[in-house]
Amino acid sequence: MSAVFPSNQVCRLWLVILFIFCLPAGLSAQNLFLEKVEACNTSNYCMDCGDPKATCDQVILDNISGQIVRKYLLGNSKGSITFQVVVDSTGFGCVLSHTDIANLPITADLIRYLNGFLWKPAKVNGKAVSASVNVIFRIADGKLSSQIQRMDLAELRPPDDPVIYNKQTTYSNPSLKTYEFSVWTKYNSPLPDNISRSCTMDKSDILWYATAGGLTRFDGEFFNPVNEYNSPFTADQAIGSINTDKDNKTWVYVDHNIYQVTAGRFRVYDFNKYFTSAVTHILNSSNGKLLFTTNQGLVAVRNDKVVVFNKKSLPQLPSNDISYAYVDSRKNLWIGTAKGTIMIDKNFFVTTFNKSNTPLKNMSISDAVEDEKGNLYFSLVNYNKVVDDDDKEGLAVLKADGKWLHYNDKNSGMPSNRVNDILYDKFEHVLWLGTDQSGIVRFNLKDGWENYHNINSPAPGHTIYQLVQDSKGAIYATTANGLLRLRKKQKP
């Protein structure tokens, strides 16, 4: 993987400017950062490569930390700032990017220090090369600590081949050429981590991307990290489920707490009075209800009115371990559990499926969507399965006329049966499936099945966790290998 890096002359010019004039009054970290990026744009470097890798003595970083502490009253401040520094073959360093969206004066000083000494360059086959290195500064208890963070270069390797169980279908993928693929990873962008199992698109077309290594917001062009400076969370805090309700309030599950975010303000929602177990999903329904799934039951919230579903309040519930819930346009509540699925209609009549002659028999729904004709689509999970490719799983369809269909990789163009997420594309009127091992599936709701993954398309991998769509039709997929966007190409 390569990127751009300035010539030695440009970096030396920067050093002269910084050493002679230091940081002039009124020069913000944002201005300095923008000028740095422009200057760092003339040659190539590798990402934390080499043996040895680019580095500096820890005593230098400790000395920088000491000077910052003496200059600033850090008090009870807490937080961290990570810098990407490109070190050229002669040892000159040049800060290329950082994670401080507040553009604090302390960041400008740290940039000046990181650019102001000779580094030890990386070497490849004994020859010095230009390479990047990440440096993190952490503030806590009035102290500033620093260390070099090494990248896990194993994550830069291409993922394994997808697993395609369907051997009867030849995927010609006629629509593939009509899409523009864009991929962001933590190595080519400010994405906090490549793996994301939960995301949400708010009504301003801002994607909230949740990872085990932090939360960020993405407007389609720029990332806006959520960290100590603009939230109750740290920059690298593990984020659980996330969703946006009908009033454009974003709900985030973090460290056994649920936060409601309204216009940038974070408020803790008292969820523990209902259940003490972890929240597995925050789900938004068509009628405005928020649904919180746990292994102790389901909590439905609307306008501060709360209803709790468990075996005590609803004996027909197969299990308190709730995997998914969905409210359709007819106001039917579908609940998937570890021991089967039920449906509660608007008159509170309960339908159980474990003894039915439907695809939901002894199955749990793991996701659901509805098209404009009232057809319902469910992804299925068999919690008692004994083989990886269980033909009872796949996609169940409840037609508006009450008829059931069941698609799997034996009777349709599905490449495999385990589906993580479903998206109904209201712009193209097609169904998108995010699979566990086989990439993205495009189904035209008739007989057209297409399959995109890292072998036959620019997709970064084959494990797709969640799919969301913005108001312009662009589809975002969270994956095990980065963030993927599919967008229709503009017609000439």
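Here is a check on your reading of the model: is A300 in a strand (DSSP E or B), closer than 26 Å to G374 by Cβ, touching a Leu at 6+ places or on another chain (Cβ under 8 Å) and at pLDDT 95 or above?
Taking the combined requirement at face value, the residue does not satisfy it.
Looking at (1) in contact with a Lys or Arg (Cβ under 7 Å, 6 or more places away or on another chain); (2) modelled with pLDDT under 95, which is the one condition that is false for S182?
The single condition S182 does not satisfy is (2).
Among the residues of region 99-113, write down those that are open to solvent by 30 Å² or more (accessible area, probe 1.4 Å) and within 18 Å of Q147 (Cβ to Cβ). If you could, list the steps in order and put the result at the bottom.
Of the residues in region 99-113, the ones open to solvent by 30 Å² or more (accessible area, probe 1.4 Å) are 99, 101-105, 112-113.
T99, Y113 - these are the residues of region 99-113 that are open to solvent by 30 Å² or more (accessible area, probe 1.4 Å) and within 18 Å of Q147 (Cβ to Cβ).
Restricting attention to strands (runs of 3 or more DSSP E) lying wholly within region 354-466, give those where 1 or more residues are out of contact with any Gly (no Cβ under 6 Å at 6 or more places or on another chain) and within 20 Å of A325 (Cα to Cα).
364-370, 376-381, 394-398, 404-407, 419-425, 430-435
Among the listed residues G116, G79, which satisfies the condition of being touching a residue at least 40 places away in the same chain (Cβ under 8 Å), more than 30 Å from T463 (Cβ to Cβ), surrounded by fewer than 19 Cβ atoms within 10 Å (Cβ to Cβ) and not acidic (D, E)? Before the answer, list the steps.
Working: G79 fails: surrounded by fewer than 19 Cβ atoms within 10 Å (Cβ to Cβ).
None of the other options fit; the residue is G116.
For region 164-215, give me the residue count where each residue is part of a loop (DSSP other than H, G, I, E, B) and either closer than 26 Å to K489 by Cα or open to solvent by less than 50 Å² (accessible area, probe 1.4 Å) (or both).
26
At least 2 residues that are farther than 24 Å from D193 by Cα and touching a strand residue (DSSP E or B) at 6+ places or on another chain (Cβ under 9 Å) in each: list the strands (runs of 3 or more DSSP E) lying fully within region 237-286 that qualify.
Counting at least 2 such residues, we get 265-269.
Q237 versus (1) touching a residue at least 40 places away in the same chain (Cβ under 8 Å); (2) within 22 Å of P190 (Cβ to Cβ): which is the lone unmet condition?
(1)
Output yes when any residue across region 247-268 is open to solvent by 70 Å² or more (accessible area, probe 1.4 Å), without any contact (Cβ under 8 Å) to a residue 60 or more places away in the chain and among the polar types (S, T, N, Q), and no when none is.
No, region 247-268 contains no residue that is open to solvent by 70 Å² or more (accessible area, probe 1.4 Å), without any contact (Cβ under 8 Å) to a residue 60 or more places away in the chain and among the polar types (S, T, N, Q).
Quick check: is even one residue across region 339-362 closer than 26 Å to V468 by Cα and loosely packed, with under 15 Cβ neighbours inside 10 Å?
no
N310 is checked against (1) over 28 Å from the mean Cα position of the chain (by Cα); (2) under 25 Å from K392 (Cβ atoms); (3) surrounded by 14 or more Cβ atoms within 10 Å (Cβ to Cβ) and fails just one. What number does that condition carry?
(2)
Here are some residues: L27, L32, L23, L15. Which one is in contact with a helix residue (DSSP H, G or I) (Cβ under 8 Å, 6 or more places away or on another chain), aliphatic (A, V, I, L, M), part of a helix (DSSP H, G or I) and at pLDDT below 90? Give the steps one after another, and end with the answer.
Numbers: L27 fails: part of a helix (DSSP H, G or I); L23 fails: part of a helix (DSSP H, G or I); L15 fails: in contact with a helix residue (DSSP H, G or I) (Cβ under 8 Å, 6 or more places away or on another chain).
Sole residue among the options that is in contact with a helix residue (DSSP H, G or I) (Cβ under 8 Å, 6 or more places away or on another chain), aliphatic (A, V, I, L, M), part of a helix (DSSP H, G or I) and at pLDDT below 90: L32.
If we scan region 387-395, do we find a residue that is open to solvent by 20 Å² or more (accessible area, probe 1.4 Å), of a type in the set (A, V, I, L, M), modelled with pLDDT of 95 or more and touching a Pro at 6+ places or on another chain (Cβ under 9 Å)?
No, the conditions are met nowhere in region 387-395.
If A477 satisfies every condition in (1) assigned to a strand (DSSP E or B); (2) over 16 Å from V369 (Cβ atoms); (3) of a type outside the set (D, E, K, R); (4) free of Cβ contacts under 8 Å to residues at least 60 places away in the same chain but one, which is the exception?
(2)
Select from region 35-60 the residues that are among the β-branched types (V, I, T) and at pLDDT below 80 and write down the one among them that is farthest from V135 (Cα to Cα).
Just the residues of region 35-60 that are among the β-branched types (V, I, T), to begin with: 37, 42, 55, 59-60.
After this cut, where a residue has to be at pLDDT below 80 as well, the list is 37, 42.
Numbers: V37: 17, T42: 22 Å.
So the residue we want is T42.
Considering only region 451-474, state which residues are more than 16 Å from R418 (Cβ to Cβ) and crowded, with 22+ Cβ neighbours inside 10 Å.
Listed by number, the residues that qualify are Y452, A459, P460.
Any idea which of (1) open to solvent by less than 20 Å² (accessible area, probe 1.4 Å); (2) within 24 Å of the chain's Cα centre (by Cα) is the one G413 doesn't satisfy?
Answer for G413: the failing condition is (2).
The values are calculated or read from the model by the stated rules, or taken from the named source; none is laboratory data. Note that the coordinates shown come from a computational prediction; the quantities given were computed from them, not determined experimentally. Quick reminder, even Gly has a Cβ in these numbers, built from the backbone with ideal geometry, and neighbours come from all protein chains shown. Heavy atoms of the whole protein, side chains included, go into the accessibility calculation; ligands, DNA and RNA do not. Shrake-Rupley method; radii C 1.70, N 1.55, O 1.52, S 1.80 Å.
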